[in-house]
Structures are given as structure tokens and as C-alpha cells.
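A short reminder: the numbers here are calculations on the coordinates, not readings from a lab. Please read these numbers as outputs of a predicted model, since none were measured by experiment. Please note: Cβ atoms are built from the backbone with ideal geometry, for glycine as well, and neighbour counts cover all protein chains shown.
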């Protein structure tokens, strides 16, 4: 997985033979399940403009069979437009989309055989749960006896046995979402699209359904594209996350890669929180020695390409900064003063001002230690590996 | 100490009093016509001195009255169908598509509601003279549909606006071609609106007299037109009997439509 983030996997251009697709298994999908039933999908230079606004700007991306990929970004980042392009409700101005090797860019939605789950569920209010789930089967001319069997199986998959005859408005939000999922899966689509499917649910239910969706995806081995603006959903479920911003891909990678080594300030800020320090290279090398204008010196690895005097942005996760009230600043420990402290339940959050002048946010798990009061003298440190360089030029 | 007159308590009865007076005013003609229908007297008079059903029998025995009734039924049924279909297509155009001049089209569709019926009737009469539709069944259906079609459009548009257009898209995404998605999803959801539009069309056509006076002949005599003639030339109490039947029929249709609408709303999962 590592290092495979960008594009052009030659294996995605292959004949549209379902058997060959099922036989082929990519590295990350095979780790989970031996024979993915989903299809690979490839985006090539997709562009979609609405008047002056470019909703999707030159998107190129390969998704392997059976992979769970999230499109993560704020509203207006182009993630939903991308999904609608895959579903066939929006035709891109340029570029092509291939599903299992077939060019589907201009194929009408009803012939794409893609399952879709909507944020508002879009259940048919006049049809019972069973009839809702049977709908895609009826549209495909599946014989009646098979429909009953497949609907029962889909209901079991989403754990809604016994609710067949209910109308959607007699179900809770979570149950409605399960029905929508069953309806999108019952015809065994090679690709499942989910557009903020948990957006309308409360937090507890969201976490529960995250686990459910992941379990179901493992069972059916479908390829999934999941659109969300919630970083937790994206991180807990995805094999890879595509962070989008203003219609462009900001970074693609596994949740771990994105969280540990975001390549832009935007990604570092959108997934979790980060401390950013502007610094200059004082001694080049691996690791290099950096120094902030205030005079904070630190060693950071992964900067072999820089030379002395280059400006760089250093990022450090607040939870990687260790804070100690009993130690004095010496060696790798920096003397500091607590400016503000907050009790956050499972964590404690501190704003500390280093004696050299820089300000950092530190978060530590609440393991029962007393909150350090503002004004207290403390020392902070971090492992050299926990600081990294944002390669992009300093943000405007 | 004497109990004080409570102005506010008394004031609460004012709306009730007002509503009762309005209701009385609206119902007054019925209070005259219905007893008159059961009057034994051979001239249209009120109040009745002796009671009889002879004018109802007179109606049932008269072929001109029965023919007029049957014709009115036929016309009303066809008008109901035509205006519901036109209303549905127009409502779809106006609610689901945006195009240049949409507001103009909307205003044009609504025009028959604003233009006095007599103006429409005169216009129809002159157009029909040229194309030979005066005195024909088709002419009558077209004339009535002009008046009922805007109602159908309004009622069906309101129903369509309540249906999330994303549902139809979802159906298309699940494998339905667009027309199938419409029939499977949107149509059942707007059925209450369609039923109301059809009943409105039926009732308006069944009651309509102004256009009928202009474009019907002796061969295409509708019930309201027959009543009109009766009032002008006969003044027989049969008219009161026919009116009573019409009132009963209208009331039944309104009650039935309300019950049906409630039933459909409940079973469509919208309620």
C-alpha cells in the first residue's frame, strides 16, 4: 500500500470479463478477502465546470477491486460532484471513467449497475421495506421467487429481519439507512457509492453504523466509494482516503499515511489538529537541524533535499508533544509556561508558551493526573520522528 | 357586589356568530330549493303546503331530463380525464423543468381562472363557428377542459412539489429507465393530487352552464343547460327536484374525494 498513492496502475485496463475481474486480486484487497467481487474503477483527467466554478479539476485516480476509498473534504470540494459523475447523473466536461475496463463516462445511470446510498436515504415512501429492496431486482427482470430469496438475504445482511412489511416512515433513521444499504447491495453491484450516508444520524449511531458498513463491505467484497466530510468516518473505514479541496485532489493515501505524513497544511489541519512552526534550515543533512525565528532548534528527518537557509514549515501533532510539570528544560526538553489548560473528558489540552517564544498546543490522555494550572512552569518535548516537514510552500 | 360583565369571554363568541351568519347566507338557497322539490304544488313555490315526490318521478319519467343527465355524465367523465392528463403534463413541465419563459407559460395556463367565463364562451363560440364544433360533444369537452385544466394544473403542481425529485433519480440509479421511474415512484406519490384534480374536473364540468349555453344545441343539451331552459320556459318544480339531486350528488362526490384522499395519504406513507 505504502507509496502507491498515485494513479496509473496498468492492471486496471483489462477486458470486461467478470470472471477475470474476480480472479484478479490486488495486494491490499487480497489481505482482506481472497477474491474481490467488486470491480476496479479508474478516473482519467475528469473535469467538470459549472459556469465560473470548477467543481472537479483534472481528477485522475485508480481504485482497485474491493477497495474502500473515501473522498474527504469540506463542502464545495467537489467530492459529491465526483460521486454523481460516477453514478451517471453528471456528465464530465472532459476525461473518462472506466469500470472494470469499460468506458462508462456517457452511459446512462440505469445501465451502470452501480449501487448508491444517499444522505437522505431516498427510500420510496409508498413502498414497504421489502418492496424498496426488491425495486432494483424488479427493474432487472429477476424472477419473483428469486426476488423473495434475495430480499430476505439482503435484510439478513443488514440485520433487519422481520421488518419487511414496514413503511419507511415507520422506521428509525438508522433502520432507514440500513434499508437504503440493503437496496443498494441486493443486486450485487460491482461498485457501491455512498454519499454522506451517516450525515443525518447522531454520533453514537454513526459510530455503530461505521462498524456495520465495514463488516458488510468485508462480507460482500464490493468496491466502495464513500463521500464524507467527517474525518473519523473516513479514517475508521477506508483503505485509502482521497482528500479533496476546491475540486482538486490534495493528497491520496492510507489513513495512516495521511495522518502521520500529510503533505500539505490543509490535510494536516483537516485530519486532526497540528502545530505549525515556520523555521529555517541551519544545518542540512539527514536529520537536518532547523531553527525558528524565535530560536527554537530541533532535529527533523526527511529533509535531505533542503539546503541551509531554506524556509520550511514543521508540523507536530498535539498528542505527540509530551508535557511534564516536574522536569526542567534541558537537552531535548524545552522549558515552557502553561498559558491555558482545558479539561476535555478523555483528554487534557494545554496551550504552552516556550521560553524561546514559540507557542504550541499539547494534548495528553486523561489518565487521572491533575490538570496543570495556567501559569505553571513545565517542560515539553517530542520525538524527532513526530515532527515532519510540510513540503508545500508556506501557506498564504 | 354584582358580577362584572366579562367582555373578553363574550368576545370569544363573535367569530362563531360571524361564521354562523356566513354559513346561513351560503346555505339559504338550499333551504329554499330542497323543500321546494318536495312540494306537491304544480308551480315552483315556497313554503310547501303539502309534500310529494311527484317531481322526482316527473324527472325520472322525462326522456329529455334523463338524456341531458347522461350526456352531462359523459362530458364530465371525458373532461375529467382530459384535464387531469393535461394538468399532469403541464405541472411536470412547470415544476420539474426550468426554461426561458416559464413564468409566462404559468400565467398563460392560469389565465382561464382570471378571464370571465362568459368571455371564454363567446370566444369559443366564434372559433367553433369557423371550425364547425358548435353543438358537438367534442366542442363541449374542449370548452369545459379550458376551464378545468388550470385547476388540475394547480392541484397536481402542489402534489408534485411535495415529492422529492431525488426519489425518481434514485430509481433511475437503481436501474429504472426514466419513464418507468416516473410510473413506479412519482405517480403513486401524487395519486391523491390526481384524484382531486379528476374530481374537480368532473364536478366543474357537470355544473357548468355558461359555456354550455353558447356551444350546445338541442342535440347536445347538458343537465345545467336543461335546467336553464326549464327556468326560462317552464318554471316547473321538476327543476327543484333536479337541483336537489345535483346538490346531493356534489356533496357525495366531495365527501368521497376527501375520504379517498385521506386513505391514499395514509397508504402512500406520506401522512
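For region B:148-223, the equivalent ellipsoid derived from the alpha-carbon gyration tensor has semi-axes of 37, 12, 9 Å in decreasing order.
Where does region A:294-352 land on Rg(C-alpha)/(2.2 N^0.38 Å)?
My calculation over the Cα atoms of region A:294-352 gives 1.43.
Only alpha carbons enter this Debye calculation for the protein assembly as shown, each as an equal point scatterer, and the log10 of I(q)/I(0) it gives at q = 0.05, 0.06, 0.07, 0.11 Å⁻¹ is -0.44, -0.58, -0.71, -1.13.
Applying Stokes-Einstein at 4 °C and 1.567 mPa s to the Kirkwood radius of region B:1-130, computed over alpha-carbon pairs, gives a translational diffusion coefficient of 61 µm² s⁻¹. Taking the Cα centroid of region A:67-114 and of region A:253-304, what is the distance between the two, rounded to the nearest whole Å? So the two Cα centres are separated by 35 Å. Between residue B:177 and residue B:249, full extension at 0.36 nm per residue minus the direct alpha carbon distance yields a gain of 21.7 nm. If R₀ is 41 angstrom, what is the calculated FRET efficiency for the pair residue A:273 and residue A:60, using the beta carbon separation as r and rounding to 0.05? E between residue A:273 and residue A:60, to the nearest 0.05, is 0.85.
Hey, what's the Kirkwood Rh for region B:169-210 if you take every pair of different alpha carbons, in angstrom?
12.1 Å
Dividing the convex hull volume of the alpha carbon atoms of region B:182-254 by its residue count gives 108 Å³ per residue. With each label modelled as a point 7 angstrom along the Cα→C-beta vector, the residue A:207-residue B:265 pair spans 4.1 nm. A Förster radius of 56 Å, combined with the Cβ-Cβ distance separating residue B:103 from residue B:61, puts the computed FRET efficiency at roughly 0.55.
In plain terms, the bigger the Kirkwood radius, the slower the diffusion; for chain B, with that radius from Cα pairs, at 25 °C and 0.890 mPa s, Stokes-Einstein puts D at 113 µm²/s. Where q = 0.10, 0.13 Å⁻¹, what log10 of I(q)/I(0) comes from the Debye formula for chain A, counting one point per Cα? So the normalised log intensities are -0.77, -1.09.
Overall shape of region A:273-390 was characterised from the C-alpha gyration tensor. The equivalent ellipsoid obtained from it has semi-axes of 27, 14, 11 Å, in decreasing order.
Taking 0.36 nm per residue of separation and subtracting the Cα-Cα distance, what length does fully extending residue B:229 through residue B:34 add?
Fully extending the segment from residue B:229 to residue B:34 adds 68.2 nm.
When the Debye formula is applied to the Cα atoms of region A:317-376, each taken as the same point scatterer, what base-10 log of I(q)/I(0) results at q = 0.30 Å⁻¹? The Debye formula, applied to the Cα set alone, gives -1.50.
Percent of Cα-Cα pairs more than 11 Å apart in region B:212-252, please.
Details: 536 of 820 pairs.
The answer is 65 percent, as a whole percent.
Relative to the longest principal axis of the Cα atoms of chain A, the long axis of helix A:129-139 lies at roughly 70 degrees.
Based on alpha-carbon atoms, the Kirkwood radius and the radius of gyration of region A:41-188 give Rg/Rh equal to 1.02. Here the label points at residue A:93 and residue A:232, each 7 Å from Cα along the C-beta direction, are separated by 3.8 nm in the simple model. Using only Cα atoms, tell me the angle between helix A:173-185 and the longest principal axis of chain A; keep it within 0 to 90° and round to the nearest 10. On a 0 to 90 degree scale, this one is about 60.
Each principal axis of the Cα atoms in region B:62-183 has its own extent, and those three values, largest first, are 58, 34, 24 angstrom. Between the Cα long axis of helix A:203-220 and the first principal axis of chain A there is an angle of about 60°, rounded to the nearest 10.
Between residue A:111 and residue A:138, the contour length at 0.36 nm per residue exceeds the Cα-Cα span by 8.3 nm. Mean residue ellipticity, 222 nm, helices only, the protein assembly as shown: the sum of -39500 (n - 2.57) across DSSP H runs of n ≥ 4, divided by residue count and rounded to 500, is -14000 deg cm²/dmol.
Its Cα gyration tensor gives region A:201-360 an equivalent ellipsoid; the semi-axes, largest first and in whole Å, are 35, 22, 13. Quick one: what do you get for region B:132-179 if you divide its Cα Rg by 2.2 N^0.38 Å? Normalised Cα radius of gyration, region B:132-179: 1.87.
Just the number, please: percent antiparallel of the DSSP beta bridges in the protein assembly as shown, rounded to the nearest 5.
Numbers: 58 of 75 bridges.
Approximately 75 percent, going by the DSSP bridge assignments.
Counting only other chain Cβ atoms within 10 Å of each residue's Cβ, the peptide A:82-91 averages 1. FRET efficiency for the pair residue A:45 and residue A:385, taken as 1/(1 + (r/R0)^6) with r the Cβ-Cβ distance and R0 = 41 Å, rounds to 0.65. Between residue B:115 and residue A:371, the modelled labels are 7.6 nm apart [label points 7 Å from Cα along Cα→Cβ].
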